[in-house]
């Protein structure tokens, strides 16, 4: 040990770097080994030890970079079991790995989505599970990226959940919806797995069943936490929002509750889960969110994972090297370097001591490992016990909270009862005081009784005087009533006031009489108590004084009413004048309204007349547009008929296939013309549909006539004569139909049925002139299509693997700019191959849809035999795609090895784009226009074109980077030298232009030979080159829009046939 301490720092640094490099290499090797073992194509569950080492690797490098660097190289698209186990391992890494693993996994979110979409489109049992699992993983990553405080293993406290939800009810609402979606994704995966197990022979004790069931352990762990989150958030929402608003949330929770309970019960009954996980039991009924007290009854479900080790097979123990917890390489390194340094030579005894120390350290290490495992087991048991104690303490805490609430309610009730008792005592005391006061008032009333009699007589006399004055007032008011009606109302009001006063006086008198009787009765009852009577008389005296004052107030009120009557009379006169002015203004307004109404009626009639005129004008304009369109259509068809007798047209030829396609399009346009004609007869104000149909019909009919004549130039005499005659008949019937449309008298009886008959004859003649396929027997076409499509897929997969090998070789052989250029080119080639593979799969799906939709009661082979031309086109297109993929790989290999030209790779890219276009066109011929698979095929074709353009761009960019462009420096040349260089440059330019012209001529001749060979019988072609191409019609006069692009063509393959 002393010798190790005396090693110089320079030697220590070198040893440290060496040991670190060895450790890193060992780590990478171990991670690769664990990933390859965990994610394999064997239908068996992922072993826990491999997943544990992958997870420990994320903690060692603080992220999942190494995991993804190896995972991206796994061919997930080739095997659904590989994808399923990859999703399982990724779920474990997200749950139990380092917290930085989430960000590393989020960078590859798009790859996971693409994998799910790929397997979701395929009919495969594991493919459906992979699609659901990938959707679950994407939902999990998006949720935890948005809510970073909640870890991916979902083990957070209620305080953290409250902090994440916040106090804003909108945030709580959105978080609840996200948790609902999270739990839905988990339950859909679990239900699909269990449903597949129920419908298959697999059970939980077989490896195939365990392969499907093993990811459900993580699903159970997630579901238990998500269920608790949902309950907490829903109780919080019900505390802030009305119950009707959250009815949808409650319904969704009830559905999830029953699904989760069913899933837990089924999983609990499976033997596979009984030794791996303890599944909690949910309550019999969901919580009642309408009662806040129900939250106290909720218990958080706890999932317990037993700490027993997984049994490992003996065959894997030989391959697995456990990672050492203590690196002893640093101890052994000095002994390896001893011969290099003489000053550190040691005796054999020292070496033996070091060996003994190393053995002791290894023994201590084994003991520490055993102690560590024991401590882990005890810690797991303690954690389980503590979790159960925490659950029980939480339940006790909730119970104590409920008791506290009840005690507070009872305390409030007792306080309210105490206050009521106090109020009753105070009222009792007040009643007693009132009773004493009443006794004293009664004594005072008895004393005033005598004085009350005296005041009573005075009140009677004053009342009589008031009656007389009231009669005078009535006479004055009656006289005023005769003059004005308003004064009468005022008098009535005054009379009412007087009557009210009289009634008040009578009522007061009656009250006084009643009081007197009462006092008299009291006096008789309490005659003995003289003192009490005196007090009553005194009070009565006071009441008399009050009555006197009230009489004076009544008299003053009477005078005020008189003054008010005079004021009302003046106001009435002013109101009558205002009413007269208002009446005159209303009369003027009525006259003005009558005049305006008359003017508006005149304008309305004028507007109606203008609308009738405009409608008539619209009909005339529509008919004039129809006449113009018909005239133009006649000119187009007459021009086509004129070309039949044109001597220059004799040199023009066309193929029967193109004639058939034009005839079919013309038949479709005839149907549209008939439909537009019926619509125009129904509504003659809208001729748009008929105009569009006539325009399309005229061009298609003229195209059919011209191509029919051109086809007749190469046809036998009999067919040529009949075809020419039918073309003239088509023109004659079309002109007659258009003539009927130009006149209103014959517009109703115009019918394109005669045109349809002639066009159908042209169609039959074109089909008779089509060349018959001779490459294979009719009954072998179906098998040949499947073989060719399978061979194409195999060729593409082989190309992808070859490109991967080339990529690895380029990384080892090159570096710097060359490596960057090679990687860019190979990556673009890989993307192109993936796009072609997707295109082939989509084309296969569309082909199956076409066969199923068109074969009817016939078999698949009969359908292929009946549509032999279309079948041969598919075979030709498939061969072209496979050949293009092979050539692409060969060209890329030559470019990377610097033995080929970049132009070869560009030409191959163009050729692959053309070949895939041929495959799309062959599949598109018989597909339904509204088919979703046809739309997907067109999207895949556009994606292939984009990837091909990327290959061309990458190749050109790399070529520019690697080309050495010398700087043109002519400063040291003389005038004569410059002139000589200029002449040499012109000579080279002329030579290159001559070579370019010769190559273009050669390319044209090659293409002509290519088309000629494609049209000969199969036997002659096989003798020439040994290939089996599909025959295609010769099209020497193909239109410009359908002409093959200026690309280098592959040898001995038929051209694209767009009209099968």
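The values are calculated or read from the model by the stated rules, or taken from the named source; none is laboratory data. Note that the coordinates shown come from a computational prediction; the quantities given were computed from them, not determined experimentally. Here the Cβ is made from the backbone with ideal geometry for all residues, glycine too, and neighbour counts use every protein chain on show.
With the structure loaded, tell me whether residue 341 is modelled with pLDDT under 75 and surrounded by 11 or more Cβ atoms within 10 Å (Cβ to Cβ) or whether it fails that test. Outline the logic, then answer.
Details: modelled with pLDDT under 75: yes; surrounded by 11 or more Cβ atoms within 10 Å (Cβ to Cβ): yes.
So residue 341 fits the description; yes.
If you check residue 316 against the conditions, is it out of contact with any strand residue (DSSP E or B) (no Cβ under 9 Å at 6 or more places or on another chain), under 30 Å from residue 194 (Cβ atoms), at pLDDT below 75 and assigned to a helix (DSSP H, G or I)?
Yes: the conditions hold for residue 316.
If you scan segment 708-718, which residues turn out to be over 23 Å from residue 630 (Cβ atoms), touching a residue at least 24 places away in the same chain (Cβ under 8 Å), in contact with a helix residue (DSSP H, G or I) (Cβ under 6 Å, 6 or more places away or on another chain) and in a helix (DSSP H, G or I)?
So in segment 708-718, the residues over 23 Å from residue 630 (Cβ atoms) come out as 709-718.
Next cut, touching a residue at least 24 places away in the same chain (Cβ under 8 Å) only: 709-711, 713-715.
If we keep only those that are in contact with a helix residue (DSSP H, G or I) (Cβ under 6 Å, 6 or more places away or on another chain) as well, we get 709, 711, 715.
If the condition is that a residue be over 23 Å from residue 630 (Cβ atoms), touching a residue at least 24 places away in the same chain (Cβ under 8 Å), in contact with a helix residue (DSSP H, G or I) (Cβ under 6 Å, 6 or more places away or on another chain) and in a helix (DSSP H, G or I), then 709, 711 are the ones that fit.
Report yes if some residue within segment 118-132 is in a helix (DSSP H, G or I), without any contact (Cβ under 8 Å) to a residue 24 or more places away in the chain and more than 18 Å from residue 185 (Cα to Cα); otherwise report no.
Filtering segment 118-132 for residues in a helix (DSSP H, G or I) gives 118-120, 125-132.
So of that shortlist, the ones also without any contact (Cβ under 8 Å) to a residue 24 or more places away in the chain come out as 120, 131.
Going one step further and asking which of them are more than 18 Å from residue 185 (Cα to Cα), we end up with none.
Scanning segment 118-132, I find no residue that is in a helix (DSSP H, G or I), without any contact (Cβ under 8 Å) to a residue 24 or more places away in the chain and more than 18 Å from residue 185 (Cα to Cα), so the answer is no.
Suppose we filter 667, 690, 681 for residues that are farther than 18 Å from residue 639 by Cα, out of contact with any helix residue (DSSP H, G or I) (no Cβ under 9 Å at 6 or more places or on another chain), part of a helix (DSSP H, G or I) and touching a residue at least 60 places away in the same chain (Cβ under 8 Å); which single one remains? Step through it out loud before you land on a result.
Numbers: 667 fails: out of contact with any helix residue (DSSP H, G or I) (no Cβ under 9 Å at 6 or more places or on another chain); 690 fails: out of contact with any helix residue (DSSP H, G or I) (no Cβ under 9 Å at 6 or more places or on another chain).
It is 681.
Would you mind stating whether residue 188 is within 18 Å of the chain's Cα centre (by Cα), closer than 30 Å to residue 299 by Cα, modelled with pLDDT under 95 and not assigned by TED's automatic domain parsing to the domain that holds residue 840?
Here the answer is yes, as residue 188 does meet what is asked.
Just to be sure I understand, how many residues within segment 633-664 are closer than 16 Å to residue 737 by Cα and either crowded, with 24+ Cβ neighbours inside 10 Å or touching a helix residue (DSSP H, G or I) at 6+ places or on another chain (Cβ under 8 Å) (or both)? Spell out how you get there, then give the answer.
Residues of segment 633-664 closer than 16 Å to residue 737 by Cα: 633-638, 641.
When the remaining residues are screened for being either crowded, with 24+ Cβ neighbours inside 10 Å or touching a helix residue (DSSP H, G or I) at 6+ places or on another chain (Cβ under 8 Å) (or both), the result is 633-634, 636-638, 641.
Matching residues across segment 633-664 total 6.
In the set 714, 700, which member is assigned by TED's automatic domain parsing to the domain that holds residue 758 and more than 48 Å from the chain's Cα centre (by Cα)? Quick ask: steps written out before the conclusion?
Details: 700 fails: more than 48 Å from the chain's Cα centre (by Cα).
Step by step, each of 714, 700 is checked, and only 714 is assigned by TED's automatic domain parsing to the domain that holds residue 758 and more than 48 Å from the chain's Cα centre (by Cα).
Give segment 233-249 a look and list any residue that's surrounded by fewer than 18 Cβ atoms within 10 Å (Cβ to Cβ) and under 24 Å from residue 398 (Cα atoms), or say none.
Residues of segment 233-249 surrounded by fewer than 18 Cβ atoms within 10 Å (Cβ to Cβ): 235, 239-245, 247-248.
Listed by number, the residues that qualify are 235, 239, 240, 241, 243.
Please indicate, with yes or no, whether at least one residue in segment 450-472 is farther than 30 Å from residue 557 by Cα and either exposed (fewer than 11 other Cβ atoms within 10 Å of the Cβ) or at pLDDT below 70 (or both).
Yes, that holds for at least one residue.
Can you tell me which of 94, 102, 76 is at pLDDT below 90, under 25 Å from residue 143 (Cβ atoms) and touching a helix residue (DSSP H, G or I) at 6+ places or on another chain (Cβ under 8 Å)? Give the steps one after another, and end with the answer.
On the way: 94 fails: at pLDDT below 90; 102 fails: at pLDDT below 90.
Answer to the check: 76.
Go through segment 138-170 and count every residue that is farther than 28 Å from residue 112 by Cβ and surrounded by fewer than 14 Cβ atoms within 10 Å (Cβ to Cβ).
Of the residues in segment 138-170, 8 are farther than 28 Å from residue 112 by Cβ and surrounded by fewer than 14 Cβ atoms within 10 Å (Cβ to Cβ).
Let me confirm something: among 622, 613, which residue is in a helix (DSSP H, G or I) and either touching a residue at least 24 places away in the same chain (Cβ under 8 Å) or touching a strand residue (DSSP E or B) at 6+ places or on another chain (Cβ under 8 Å) (or both)? Even if it seems obvious, please write down each step before you answer.
Numbers: 613 fails: either touching a residue at least 24 places away in the same chain (Cβ under 8 Å) or touching a strand residue (DSSP E or B) at 6+ places or on another chain (Cβ under 8 Å) (or both).
Of the residues listed, the single one that is in a helix (DSSP H, G or I) and either touching a residue at least 24 places away in the same chain (Cβ under 8 Å) or touching a strand residue (DSSP E or B) at 6+ places or on another chain (Cβ under 8 Å) (or both) is 622.
Given the criterion at pLDDT below 90, outside any helix (DSSP H, G or I), more than 27 Å from residue 91 (Cα to Cα) and more than 23 Å from the chain's Cα centre (by Cα), identify the matching residue among 239, 202, 243.
Numbers: 239 fails: outside any helix (DSSP H, G or I); 202 fails: more than 27 Å from residue 91 (Cα to Cα).
After ruling out the rest, the residue left standing is 243.
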